[in-house]
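Nothing in this text is a laboratory measurement; each read-out follows from the coordinates by a stated rule. Since the structure is predicted, the reported quantities are computational estimates derived from the model, not experimental observations. All Cβ positions, even for glycine, are placed from backbone atoms using ideal geometry, and neighbour counts span all protein chains on display.
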Amino acid sequence: MAHVYISAAHKSSGKTTISIGLCRELRRLGASVRPFKKGPDYIDPLWLGKASGSDCLNLDFHTMDREEIAGAFARTLAGADIGLIEGNVGLFDAVDLNGSNSNAELAKLLGAPVVLVVDVQGMSRGIVPLLLGYQSFDPELNIAGVIANKVGGERHEANLRRAVEHYTDLPLLGALNRTAEILISERHLGLIPSNEAEEADAQIERIRALVAEQLDVHRVLEICRSASELPPVLARKETDATVGESVRIAIARDDAFGFYYPDDLASLERAGAELVSFSPVRDPDLPDADGLFIGGGFPEFRLRELAENRSMRVAVKEFVESGRAVYAECGGLMYLCRELRWGERRGPMCAVLGADVVMHERPQGRGYVRLRETDVFPWPGAAERPREIRAHEFHHSAVVKTDPEWTYGFEVLRGTGVDGRHDGVLYKNLVAAYSHLRDVGGNGWTRRFVDQVRVCRR
């Protein structure tokens with residue numbers, strides 16, 4: 001199984017843009033490409049999935065142990081020609097002093113050769129000590145090539161090539177010129193998600209063309225094929241098997257809501273759920289369903305449309321009030337509150353929860369969280385729940401004027417949640433949280449939610 005790890009010396013070096021272009025170009029050459037992303041990110045995987053034509057799987061040391069990561073990677077890559085893993089932050093960056101959760105450790109775990117992207121603005125011969133230092137810092141890591149990004153022109157490229165070839169044994173796989181053509185507009189969470197960008201495919205094609213022209217893609221393919229042999233594919237656990245009668249779950253999917261892990265959606269289906277997509281922005285009513293799932297996204301950028309779609313807001317509120325099971329994460333929580341405010345703009349939301357939501361310039365909650373379910377958490381399977389749930393949050397909004405009578409499903413051990421101490425507002429059979437859950441690491445939330453949908457339907 002050929003695979004490669006695209007990393008960088010530091011964040012914002014261009015590795016996402018290059019990964020997007022490589023995925024699309026390799027696909028154009030006839031290869032089936034499976035993309036992967038380190039960490040809990042939703043946005044980069046949307047672009048990588050659109051570029052490759054395959055769902056992107058997140059690999060995350062915070063929520064998954066090493067065996068689970070290796071097994072999920074091997075199972076997902078089976079049957080594909082090439083796996084492309086995009087890192088996050090810098091190659092050796094990690095909270096842990098020993099780097100146990102770094103990109104370098106993940107690359108070694110997966111036996112993946114690393115292609116290092118370097119932002120070379122203002123740099124020529126100085127790239128050499130950087131590369132030599134990265135090679136010597138961890139001799140067990142296979143750094144197989146380097147890509148120079150944001151090159152200033154032909155003379156700059158020539159100086160870089162001469163220095164890299166003279167002082168190192170690393171091939172310079174390409175030199176991408178600085179150009180505004182391939183920049184993807186940025187927001188407070190990073191890249192605009194591809195499910196929202198109107199010209200996403202056209203932008204991906206522009207990136208592909210530049211990558212194909214300025215990168216030695218065939219040399220990258222050779223590096224992919226040099227990857228170490230993967231561990232044997234681990235069998236799925238029996239708990240993944242469908243149990244109980246099937247249910248229909250309406251899931252919000254449009255340019256306001258689109259942050260879902262593909263493997264979690266597959267787990268919901270294996271648990272017996274038929275997922276029926278709808279748009280809170282455009283549809284006048286909910287589809288016929290037993291349960292409702294509203295994930296994260298950017299509802300603030302569709303504030304006017306969401307506010308004007310009164311029939312949908314009424315339908316969502318009536319659904320919750322009917323006592324059917326509902327789960328909402330981050331953007332979904334915002335949509336269920338009374339009003340959303342962003343600067344001078346404001347608009348009514350579903351008014352299920354008696355509180356307002358206000359957008360801020362700086363993140364109000366950011367990073368990994370650790371949660372513990374409270375005794376009143378409603379979903380079945382409490383005896384099987386983990387002692388601690390590992391998740392993540394990233395929100396620029398904050399809930400204000402919260403009801404002091406609210407009950408919560410989660411105690412926040414690390415992170416922010418709704419008020420710094422609690423997350424997961426409970427109302428009837430609704431759970432609405434800022435934290436994003438993932439069905440890994442023993443946190444079988446998808447099966448438990450489907451069971452809750454069944455219980456409420458009865």
For residue 11, list the lysines whose Cα falls under 21 Å from its own Cα; do not include residues on the same chain fewer than 8 positions away.
37, 38, 108, 150
Which aspartates and glutamates, on any chain, are close to residue 401 with Cα under 13 Å apart, when same-chain ones fewer than 8 places away are left out?
339, 356, 419
Take each of the peptides 50-61, 129-140, average the number of other beta-carbon atoms within 10 Å over its residues, and list them starting from the highest.
50-61, 129-140
Restricting to bridges with both residues inside region 2-225, how much of the DSSP beta-bridge set is antiparallel, in percent to the nearest 5?
10 percent
Packing rank of 95-107, 76-88, 408-420, where each peptide gets the mean count of other beta carbons within 10 Å, highest leading
76-88, 408-420, 95-107
Please report the relative contact order for region 2-225, taking Cα pairs under 8 Å with a sequence separation of at least 6, and give it as a percent rounded to a whole number.
26 percent
About its Cα centre, how strong a charge dipole does region 240-457 have in debye, to the nearest 20, once Lys and Arg get +1 and Asp and Glu get -1 at the Cβ?
380 debye
Relative contact order of region 270-401, defined on C-alpha pairs under 8 angstrom at six or more residues apart (%)
20 percent
Quick one: which residues, 5+ away or cross-chain, put their amide H under 5 Å from the amide H of residue 295? H built at 1.01 Å from N.
252, 329
Tell me, what is the percent relative contact order of the chain, built from C-alpha pairs under 8 Å that lie six or more residues apart?
13 percent
Can you order the peptides 40-46, 150-156, 431-437 by their average number of other Cβ atoms within 10 Å per residue, highest first?
431-437, 40-46, 150-156
Of all beta bridges DSSP finds with both residues in the chain, what is the antiparallel percent, to the nearest 5?
40 percent
For the chain, what is the calculated [θ] at 222 nm in deg cm²/dmol (nearest 500), taking -39500 (n - 2.57) for each run of four or more DSSP H residues and dividing by its residue count?
-9000 deg cm²/dmol
Taking only the alpha carbons of region 311-450, what extent do you get along each of the three principal axes, in Å, biggest first?
45, 36, 26
Rg over Rh of region 76-165, using C-alpha atoms and the Kirkwood radius, what does it come to?
1.02
Fewest-first ranking of 312, 334, 64, using other Cβ atoms within 10 Å as the exposure measure:
64, 312, 334
So, counting K/R as plus one and D/E as minus one, what does the shell of residues with Cβ under 12 Å around residue 265 add up to?
-3
